[in-house]
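Colleague: Got a structure for you, questions after.
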Amino acid sequence: MAKPHVFISRRIPQPALDLIASTCTYSMWDHLSPPAPREVFLSEAARADGVLVMPSERIDAEFLDAAPRCRIVANMAVGYDNIDVAALTQRGVIATNTPDVLTETTADIAWALLMAAARRVVEGHKAVQAGRWEPWHPFYMLGQDVFGATIGIVGAGRIGTAVARRARAFHMRVLYHNRRRSPQLEVALDATYRELDDLLRESDFVVMTAPLTAETRGLFGAREFALMKDTAVFVNVSRGGVVNEKALYEALKAGRPWAAALDVFEVEPTPPDNPLLQLPNLVATPHIGSATLRTRTAMAMLAARNLVSVLHGEPPLTPINPEALRHTTWTAPLSSKED
Ligand code: GLV
């Protein structure tokens, strides 16, 4: 009986590859960068029963047309704005993501960015490097206090809650804005719900952790920045698409918010001539929220388990669209399919 065939869109940690290889045949774009050209990806997908992909792969109607055998798209990321979930569901294709395993690591980067922007760590480093270190004086490189300040978390899901936990250790007042109030968060972390505008007005730190959706695309524009304090720090570890970068540039130049720190950009990699990068009050990292070996291995393992489970007729561990199973015409196990 032929084994199911899988395409893996980038080199992944070995334990995950071993897991896939134990029950599937596979081909892999055996590089880290750049990603496979679209036509290579689509032609590989054409003979795959399942794919393991990165956030940079667009999974849409064109992909589905090119990959008629594909039963599962295992995304190696928690965010899945790269996937047209409705289109997959309609065709009975399962999509999975990698929640939980990256929560603390991503909250750490949010915290690192928050601290770096508040205390001008990158600007200070550059000044030291360039020989622009001024002798100690009372007003040199003043930052913003973190301890005891007010933090506003927009989209307090898993990662936002982990950020809130860190904030409590810094004796901060925690505000949050979600589509729905979260009694657990309010009880466990003494967090207070605010409408978005009120959160923006009251927070010393605004941290965006909500996913990119139709609702959150462009959520932070000129109006939202104008509501923030002129001492506020804005941190985005979600997706670049939630921010209007032009508006952020103008806002930072005008000094409201006081600083921003971004792990994600509208276009990635962001071009080096992005004007935002010229601003001293902007800290940038290259989408490394989950980038530790332990977390990336856990993400790859979870994606691989999802893939292998579905291809062998078992339920996925972390489905995005479990309802796709209702639309599916295939019967498990797929290993009886001809290859
Ligand atoms: C990375 O950005 C992720 O969504 O996991």
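Colleague: How much of the calculated P(r) for the chain lies past 32 Å, in percent of all Cα pairs?
Modeller: Tail of P(r) above 32 Å: 37 percent of Cα pairs.
Colleague: Rounding to the nearest 20 debye, state how big the charge dipole of the chain is about its Cα centre with +1 on each Lys and Arg Cβ and -1 on each Asp and Glu Cβ.
Modeller: Dipole size: approximately 460 debye.
Colleague: Tell me which trypsin sites (Lys or Arg not before Pro) from segment 4-41 have a DSSP coil assignment and no more than 15 other beta carbons within 10 Å of their own. Mind dumping the intermediate values first?
Modeller: On the way: sites: R10, R11, R38; in loops: R10, R11.
Taking segment 4-41 and a limit of 15 other Cβ atoms within 10 Å, the loop trypsin sites (Lys or Arg not before Pro) found are R11.
Colleague: Share of the chain's accessible area from carbon and sulfur, percent, 1.4 Å?
Modeller: Working: 8940 of 16120 Å².
Carbon and sulfur together cover 55 percent of it.
Colleague: Okay, next question. Pairing the Cα long axis of helix 14-23 with the longest principal axis of the chain, what angle in degrees results, from 0 to 90 and rounded to the nearest 10?
Modeller: 20 degrees
Colleague: Ok, one more. Any idea what angle helix 158-169 forms with the longest principal axis of the chain, computed on alpha-carbon atoms, 0 to 90 degrees, nearest 10?
Modeller: 30 degrees
Colleague: With no solvent and one equal point scatterer per Cα, compute the Debye intensity ratio I(q)/I(0) for segment 103-284 at 0.14 Å⁻¹ and report its log10, rounded to two decimals.
Modeller: The Debye formula, applied to the Cα set alone, gives -0.72.
Colleague: Same structure, new question: In segment 169-245, what trypsin sites (Lys or Arg not before Pro) fall in a loop by DSSP, with at most 14 other Cβ atoms inside 10 Å?
Modeller: Those that pass, being in a loop and sparsely packed, are R179, R180, R181, R217.
Colleague: Hey, what angle do you get for helix 293-311 against the long axis of the chain, alpha-carbon based, 0 to 90 degrees rounded to 10?
Modeller: Compared with the principal axis, the helix lies near 30 degrees.
Colleague: If R0 is 35 Å, what FRET efficiency do you get for V187 and L277 from their C-beta distance, rounded to 0.05?
Modeller: My answer for the efficiency is 0.25.
Colleague: For the chain, what is the calculated [θ] at 222 nm in deg cm²/dmol (nearest 500), taking -39500 (n - 2.57) for each run of four or more DSSP H residues and dividing by its residue count? All intermediate terms of the calculation are to be shown ahead of the outcome.
Modeller: Values: 13 runs with 120 residues, N = 339.
Helix-only estimate at 222 nm: -10000 deg cm²/dmol.
Colleague: Here is a further query. Lys and Arg at +1, Asp and Glu at -1: add these up for the other residues within a Cβ distance under 14 Å of A261 and post the number. Show your work: numbers first, answer last.
Modeller: Working: positive: R119, R120; negative: D108, E123, D204, E245, D263.
Result for the neighbourhood of A261: -3.
Colleague: Quick one: net charge of T213's neighbours, Cβ under 12 Å, K/R +1, D/E -1? Working shown, then result.
Modeller: Values: positive: R179, R217, R239; negative: D81, E215.
Charge balance near T213 sits at +1.
Colleague: Still on this structure, please answer the following. Per residue, how much accessible area does segment 103-284 have with a 1.4 Å probe, in Å²?
Modeller: On the way: 9060 Å² over 182 residues.
Spelled out: the 1.4 Å probe surface of segment 103-284, per residue, equals 50 Å².
The values are calculated or read from the model by the stated rules, or taken from the named source; none is laboratory data. Note that the structure is a prediction, hence the values are computed from the model and not measured. Neighbour counts run over all protein chains shown; Cβ positions are idealised from the backbone, glycine included. Please note that ligands, DNA and RNA were not included when accessible areas were found on the heavy atoms of the full protein model with its side chains. Shrake-Rupley method; radii C 1.70, N 1.55, O 1.52, S 1.80 Å.
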